[in-house]
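Okay, structure first, notes after.
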Amino acid sequence: MGNKGKYYITTAIAYTSGKPHIGNSYEIVMADAIARYRRKEGYEVFFQTGTDEHGQKVEIKASEAGVTPKEFVDKVAGEIKGICDCLNCSYDKFIRTTDADHEEKVQKIFKRLYDQGDIYKGAYEGMYCTPCESFWTQSQLVDGKCPDCGREVKPAKEEAYFFKMSKYADRLIDYINTHPEFIQPVSRKNEMMNNFLLPGLQDLCVSRTSFKWGIPVTFDPKHVVYVWLDALTNYITGVGYDAEGNSSDFYKKMWPADLHLIGKDIVRFHTIYWPIFLMALGEPLPKQVFGHPWLLQGGEKMSKSRGNVIYADDLTSLFGVDAVRYYVLHEMPYENDGTITWELMVERFNSDLANILGNLVNRTISMSNKYFGGVVTKTGVEDTMDADLKAVVTAARDKAEEKINANRVADAITEIYAIFKRSNKYIDETEPWVLAKDDSKLDRLKEVMYNLTEAIAIGANLIKPFMPETADKILAQLNEKERDYDDLNKFGLRASGEKVTDAPEILFKRLDLNEIMEKVEVIRANQRAEYERENGIVAEKPEEPVIEFEMMPEITYDDFAKLQFRVGEIIKCEEVPKSKKLLCSQVKIGSEVKQIVSGIKQHYSAEEMVGKKVMVLVNLKPATLAGVLSEGMLLCAEDADGNLALMTPEKKMPAGAEIA
């Protein structure tokens, strides 16, 4: 065990109705950063995430996809796990509610709660929202629709088992009042108390009969265990809880969880239903439930129908894993919703990553190589400005830890980034390039380079939980090993005389917004096409513009027969001197070559004309244009704006082929 004891952290398990977007994936990155930080501190961390896989919505989606529910959730769970891995998340267990051991433990929990009188059989009648899998009374609806998601609801009635929530309500109210740290932020606690607990709790439906995709109730198999009793219990089944009294030693060590990290939209289930289930089982409550805000796309919730979805794998392909981790962790406020856009990603990448951090590391290593062959030496030749740099560096660890303890991850990064910002300022203050010109100041220059290298090394160690790959790259370039957490408030531990790398790697190369947005348009087009495919949407072809025209006098076939049209091949083309419009083409028609002058210079260059197969009026009476003989006419189409396009045969045709 780590010398600080155990630390058990969980995310909400993701529902397997489809691929999660970055707004959903943000949670796993935040949990990972906290888990990594706790490991760095010396805790024995157990970090659990996973997937919630049962329910009517999955059953319907699987049916629509023409596969079994298990095949459907296997695919989606694989995608969700892939996103966790793509974001470099260091979870210890990825639980699935279709895992055989979880299903068996849930059945035992249901049976025990029934046997002790907390669950009873009844019937439910109300308005049902399939996407939320929730029943509502008429008074709970908002404008006749689901109060949670705003979608249509339908009347439903079915036999069900219910949990006696009111039996434990007063005990829960008392617990929340005496444990102010239990629900965070405080605004979420106030919402739960005022909107749900104090007005009185209704008994909770905990089984269903209208669908089959769920964990069967052992003593009444036509019922399946309803979503929240199945999903929420993963936090204890995943570490070895057994309702019959045979819980594992690991469970006894790890429970209660230190932190449930969840989205603000499911705080009610985690701070009312879940603690009441635990009270009924006689188990301790989790130490804290933190309901984080949402990450919105330009101020809106992400949805495929809106066409504004941003996925983690698309982000990492354009920006890299650590850049995405940095953005979602640093740009998310503690309590209010955050915003992500492609444009903001580029802006933060260039300013915070390329400029502040990447440029600092590159400049420091490059100067060490330029002035001292990469050898970093401590000389003790100090100046007054050194003290402030060291004060900022040595204070960062405790400031970051304080923020992590309060789940203020963005603020923790800001405290660590103060090291990099202060180091950049230190370069401006000390002006190493000036010191290098004076041999009498070389020992001072060595001290400056040592201080910069030491500051960056400590900053890299502290930033590792948030940007693990970047931290490792920095430490490798500095020729530094990872330091113990207890040493990260101490300045000067780097051995004097050690070399940095000969060739610093650019950590973050500045991005061009236009280039990124071109790639984003391709991503969006692919997403639109996928959404239309999934929903059977056939895009209407836009009507092409037409040009109205006035009919000329009719001609007879004999008139038309006088015109001879053939396919010609342009073998040579030149601009007509002193003409802005004319090109002179040598056109091969059969074995004959005709010279044809055309007013198409503004639409085609002489070079691109060569090799084209074109339609030619070959028996037009020769004429002289701008002093050059023309022996025919090339046929063109012209639009309302005067743009020309040569008429060319649709299929491959030999020069001289008749056009009839």
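For (1) surrounded by fewer than 21 Cβ atoms within 10 Å (Cβ to Cβ); (2) within 21 Å of Trp213 (Cα to Cα); (3) not aromatic (Phe, Trp, Tyr), each residue gets a yes or a no:
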{"site": "Lys19", "(1), (2), (3)": "yes, yes, yes"}
{"site": "Asp32", "(1), (2), (3)": "no, no, yes"}
{"site": "Gly55", "(1), (2), (3)": "no, yes, yes"}
{"site": "Val67", "(1), (2), (3)": "yes, yes, yes"}
- Note on the structure: Filtering region 66-117 for residues that are in contact with a His (Cβ under 7 Å, 6 or more places away or on another chain) and aliphatic (A, V, I, L, M) leaves a count of 1
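Quick check: anything in region 539-559 among the small types (Gly, Ala, Ser) and outside the structural domain of Val614 (by TED's automatic domain parsing)?
The first filter runs over region 539-559 and keeps only residues among the small types (Gly, Ala, Ser), leaving 539.
With outside the structural domain of Val614 (by TED's automatic domain parsing) added as a condition, the list becomes 539.
Within region 539-559 (the criterion being among the small types (Gly, Ala, Ser) and outside the structural domain of Val614 (by TED's automatic domain parsing)), the answer is yes, since at least one residue qualifies.
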- Item | Condition broken by Ile547, with the remaining ones in (1) surrounded by 14 or more Cβ atoms within 10 Å (Cβ to Cβ); (2) in a loop (DSSP other than H, G, I, E, B) satisfied | (1)
- Looking at (1) free of Cβ contacts under 8 Å to residues at least 40 places away in the same chain; (2) over 30 Å from Asp258 (Cα atoms); (3) surrounded by 13 or more Cβ atoms within 10 Å (Cβ to Cβ), which is the only condition Glu159 fails? (1)
- Message: Let me confirm something: among Tyr114, Tyr124, Tyr128, which residue is farther than 30 Å from Pro465 by Cβ and assigned to a helix (DSSP H, G or I)?
- Response: Tyr114
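Going through Ser423, Ser366 one at a time, which residue ends up being under 27 Å from Ala495 (Cβ atoms) and surrounded by fewer than 17 Cβ atoms within 10 Å (Cβ to Cβ)? Lay out the reasoning, then the answer.
Values: Ser423 fails: surrounded by fewer than 17 Cβ atoms within 10 Å (Cβ to Cβ).
Testing whether each residue is under 27 Å from Ala495 (Cβ atoms) and surrounded by fewer than 17 Cβ atoms within 10 Å (Cβ to Cβ) leaves just Ser366.
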- Query: If you scan region 618-627, which residues turn out to be surrounded by fewer than 16 Cβ atoms within 10 Å (Cβ to Cβ), in contact (Cβ under 8 Å) with a residue 12 or more places away in the chain and either aliphatic (A, V, I, L, M) or not assigned by TED's automatic domain parsing to the domain that holds Lys572 (or both)?
  - Reply: Leu620, Ala626
- Query: Can you name the condition, by its number, that Tyr241 falls short on among (1) buried (at least 20 other Cβ atoms within 10 Å of the Cβ); (2) farther than 22 Å from Thr98 by Cα; (3) touching an Asp or Glu at 6+ places or on another chain (Cβ under 9 Å)?
  - Reply: (2)
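Using the structure shown, decide if Asp32 is under 30 Å from Lys253 (Cβ atoms) and part of a helix (DSSP H, G or I).
Details: under 30 Å from Lys253 (Cβ atoms): yes; part of a helix (DSSP H, G or I): yes.
Taking the combined requirement at face value, the residue satisfies it.
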- Item | Leading residue by the ranking (farthest from the chain's Cα centre (by Cα)) among those in region 635-660 that are without any contact (Cβ under 8 Å) to a residue 60 or more places away in the chain and in a strand (DSSP E or B) | Cys636
- Look at region 132-162 and say how many of its residues are out of contact with any Cys (no Cβ under 8 Å at 6 or more places or on another chain) and at pLDDT 95 or above. 0
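Please give the helices (runs of 4 or more DSSP H) falling wholly within region 230-338 in which 1 or more residues are of a type in the set (Gly, Ala, Ser). Even if it seems obvious, please write down each step before you answer.
On the way: elements: 234-237, 249-254, 274-281, 312-319, 321-330.
So the answer is 274-281, 312-319, 321-330.
Considering each of Ala476, Ala503, Ala457 in turn, give the residue that is without any contact (Cβ under 8 Å) to a residue 40 or more places away in the chain and loosely packed, with under 11 Cβ neighbours inside 10 Å.
Values: Ala476 fails: loosely packed, with under 11 Cβ neighbours inside 10 Å; Ala457 fails: loosely packed, with under 11 Cβ neighbours inside 10 Å.
Residue meeting the stated conditions: Ala503.
The values are calculated or read from the model by the stated rules, or taken from the named source; none is laboratory data. Not measured: the values here are computed from a predicted model. Cβ sites come from the backbone with ideal geometry, for glycine too, and all protein chains shown count toward neighbours.
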